[in-house]
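Some notes on the structure that comes next.
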Amino acid sequence: MTRFTVNGQPVHYRMDPDTPLLWALRDASNLTGTKFGCGTGHCGACTVHVDGNAVRSCRVRIADLEGTFVTTIEGLSRDRSHPVQQAFAADMVPQCGYCIPGMIMAVAALIDRNDTPTDGEIDAAITNICRCGIYPRLRQSIRRALRIKSGRERAAGAPPPGIAPEDAVREVPALREPPAAERP
């Protein structure tokens, strides 16, 4: 059997049970945000969540997923309001963007489990490869995502595709009481 849940929807794939999840998602479900990178589980471009854990979808067979819950980048947040998506946009992390869906999924799994990861824990959890070299901004963006998640920082929602990067996310000023002289 190959029945499990993808992005909150029950699915039954009528494919060879040995089919990698990556290809079931991309070819049968048309969820193309999950990218093919290396096919060996090394690069992380195909990272999705299986029962909340970051998994390289090119390395797991659909037969092994019976009864599980799979979340892809499309199901993480339809309006791009997830703290990791907000932080990546605010810090302008993406360059070419190919690795970003898998990177976001890996970071989201990390911050769901750990509200205060050390640099070593981040390095151990985020083994995705980025050929553009986003690494200098990555750790900073993870820290921002944690602040957004905890409510210590707010970022405006990411706009639809086609908006200039400098307009992508603007900081939302903290709410404050106006000075007495400015009150009505």
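What follows is calculated from the coordinates using simple rules that are stated; it is not laboratory data. Only a predicted model underlies this, so the values are computations on that prediction, with no experimental measurement involved. Cβ placement follows ideal geometry from the backbone for every residue including glycine, while neighbour counts extend to all protein chains displayed.
Between amide H atoms placed 1.01 Å from N, distances below 5 Å from R3 occur with G67, all of them 5 or more places distant or on a separate chain.
Using the average count of surrounding beta-carbon atoms within 10 Å as a protection proxy, the listed peptides 10-22, 55-67, 114-126, 96-108 rank, highest first, as 96-108, 55-67, 10-22, 114-126. Put simply, when 71-80, 86-95 are sorted by average Cβ atoms within 10 angstrom per residue, most first, you get 86-95, 71-80.
Per-residue packing, averaged as other Cβ atoms within 10 Å, sorts the ranges 128-135, 40-47 into the order 40-47, 128-135, beginning with the highest.
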